[in-house]
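The values are calculated or read from the model by the stated rules, or taken from the named source; none is laboratory data. Every value quoted in this text rests on a predicted model; they were computed, and no experiment measured them. Backbone-built Cβ (ideal geometry, glycine too); neighbour counts: all protein chains shown.
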Amino acid sequence: SDAAQAPPPNPLEDCTPWPPPPSDPIPFTPDTGLAVRTRLSAFELPDDKVGQLRKAYQLLRDLTNNSPNDPRGWLRQANVHCWYCGGEAGTETGAGPEIHGSWRFLPWHRMYLYFHERILAQLVGDKTFALPFWDWDTAGRDRLPPIYADPGTPDNPNPLFDQNRGATADNRIPPGIVTSDAIGLMLSPTSFEAPGGFGGTSDGPGASPGTLENSPHGPVHIWTGDPSMRSPVPDMGVLATAARDPIFFAHHANVDRFWDVWLNQGGRSNPADSSWALEQFAFYDQNDTPQWVAMSIGDSVDHETSLRYIYNGTPNPASTVTFALAMAQTGGTVDVSPQSRETIKVPVPPELSQPRPAEIAVPGPPPKPVYVLHIQGIQVPPDEQTFLRVFLELEDADARTPITSPNFVGQFAILAMRKPGTGAMPHKAAHSYNQAFELNDRQVAMLRGKQVLSIKLVAVGGRLTKIPYRRAFIAARR
């Protein structure tokens, strides 16, 4: 074909898959003969496993140097992630569908890690090889795992080290990101796909991310690139380059583990919508002549049976929704600098703005509605990042206001899609982001009897001081 005869794109500037994938991928089938692998904490990896992990990533880097067009090599593996984070503009230029900001986020990254892990296992010739996870939620582990932080020596560099990484062994993730309070808030939604839920809403123009993608996932990316959390610093701090840092895969293994943790709380389930379970994504596999393999989200859900791995210390986990929309508030630009007192004004749903009626005992009362704050059409330039905290009815909130405040609704990070000041990765165009946050009972009580609600956005990372948005409103989910 013409594509096959064209020169390969420069993988440092263009993350187009190479070789050009065939039009018909091979359907994924579980390798039931494969032993179930146990992913261990990067802080608890035995010396022999550390040596094997370093060997695997060295071989991955060697592939890029010696066979730059092998899709299994370090740079082409990293570009798999780049290809799928082009935003709404990405599909217009041939990039893959956006896998951030919706219910695709968790299953797509699970698949990506699975194929990456199998490639590393093939390179070291050990089918029991398993990726480690960076359990930043564990006390004392809010820092780089030492096996990734050590640069090695000039004669023996550490292949797990990334010279572009801003965080060092001496840095600590700032409070309010991976602390127990923050983790508890992230795990609290009972729905996967409802707005403000754990896993993100269905993809499309109104999609919004889940609590786990918002934080800790995003802020840990930003912090790893730049511990000051001000500038978008490759590799980890920019979506287009994030997977060039080997710690990306340990970070996302922990994100994946939290999907299990959330389900294991009980009263929670994955989306029942068949459109979620049937959506497929294709990847090059681990074979020496790599095959283009399509895996459905449904294939990835039971990772112990289908993908043959579990997490040490975390058991493998074994709705119809309607919306009542409050009046939509038109958008504008809001000052998010910590010293600002500017807020977004949002109409309170009528049933809350009226005085509370007397309770009437009726058989089988309807379930209590869940109120969700939506902020839609948030605009961030593609070469900028931001980390914002959201407060209710607290105009003097600033960067020092703790997340334990009853007025704290949630937090989210938006990563830069390309390096500042570059024209590279042309499909990384600006696009709008949507956010949704469940309000707890105490916050709903704050709304009663009010006509208008004030929302305060506080920037605690990034350089942006003003953020445009399209609209903000509260919806009742019944």
Scan the range 37-61 and report the pairs whose first residue is on the phi < 0 side of the Ramachandran plot and whose second residue is surrounded by fewer than 20 Cβ atoms within 10 Å (Cβ to Cβ) and in a strand (DSSP E or B), with Cβ atoms within less than 7 Å and a gap of 6+ or a chain change. Thr38/Ile310
Check Ser191 against each of (1) at pLDDT 95 or above; (2) more than 22 Å from Asn434 (Cα to Cα); (3) hydroxyl-bearing (Ser, Thr, Tyr) and name the one condition it does not meet. (2)
May I ask you to list the residues in the range 44-65 that are in a loop (DSSP other than H, G, I, E, B) and either under 25 Å from the mean Cα position of the chain (by Cα) or not assigned by TED's automatic domain parsing to the domain that holds Asp288 (or both)? Glu44, Leu45
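Residues checked against (1) among the small types (Gly, Ala, Ser); (2) touching a Leu at 6+ places or on another chain (Cβ under 9 Å); (3) crowded, with 19+ Cβ neighbours inside 10 Å:
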site	(1), (2), (3)
Leu60	no, yes, yes
Leu63	no, yes, yes
Arg72	no, yes, yes
Glu98	no, no, yes
Arg110	no, yes, yes
Lys127	no, yes, no
Asp142	no, no, yes
Pro145	no, yes, yes
Looking at Asp260 and the list (1) closer than 23 Å to Asn79 by Cβ; (2) in contact with a Ser or Thr (Cβ under 7 Å, 6 or more places away or on another chain), which single condition is not satisfied? (1)
Please enumerate the residues belonging to the range 129-181 that are of a type in the set (S, T, N, Q) and part of a loop (DSSP other than H, G, I, E, B). Thr138, Thr153, Asn156, Asn158, Gln163, Asn164, Thr168, Asn171, Thr179
If we only count helices (runs of 4 or more DSSP H) wholly inside the range 246-322, which ones have 2 or more residues that are aliphatic (A, V, I, L, M) and surrounded by 18 or more Cβ atoms within 10 Å (Cβ to Cβ)? 247-264, 297-301
Can you tell me which of Thr386, Thr343 is among the hydroxyl-bearing types (Ser, Thr, Tyr) and either modelled with pLDDT under 85 or closer than 30 Å to Trp262 by Cβ (or both)? Thr386
So is Trp103 touching a strand residue (DSSP E or B) at 6+ places or on another chain (Cβ under 7 Å) and in the same structural domain as Glu279 (by TED's automatic domain parsing) or not? no
